[in-house]
Amino acid sequence: MTYSEQPIIKVLIFRSAHEGAPIWSADIDPETGFLYTGGGDASVKAWPLEDLSLEIPTQLEYPKTDGDYARTVLFFNNEILLCLTTRGKLFSFRNEECRCVLTDDELSSYALMEVSGF
């Protein structure tokens, strides 16, 4: 998808976005112009919307364990990217710093859909 000042959304095909694995979640930060994706290759990636022709996006690093994948990404409050993994870990990314803010096995089957005030 692409973001613009006009209310238009375009669907793009990311054939190699996550090493051939599916993209499970995406969100846009309209202020910085980045599209964030979480995929089945256990990564979170940042794509500049100005130049989606980039073959290699910025990869955001977080502590991974085998079988733990980025299930959902959500941009919150125009400053924090949240990532919920398949093992119930909630990570926050802010100013290129990552921290685990919650670990709960019961969240392993949940997804972030919307976040209201912290």
Relative contact order for the stretch 23-109 using alpha-carbon pairs under 8 Å, separation at least 6, rounded to a whole percent? 21 percent
Please give the length that would be gained between Asp51 and Asn77 if that part of the chain were fully extended, namely 0.36 nm times their separation in residues minus their C-alpha to C-alpha distance (nm, one decimal). 6.9 nm
Pull out the extension gain between Thr58 and Val101, defined as 0.36 nm times the separation in residues minus the alpha carbon to alpha carbon distance; nm, one decimal. 13.3 nm
Using a 10 Å cut-off on Cβ atoms, rank the peptides 59-71, 94-106, 76-88, 36-48 from the highest mean neighbour count down. 36-48, 76-88, 59-71, 94-106
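We did not get these values from a lab; they are worked out from the coordinates using the rules stated. Predicted, not measured: the structure shown is a model, and the values here were computed from it. Backbone-built Cβ (ideal geometry, glycine too); neighbour counts: all protein chains shown.
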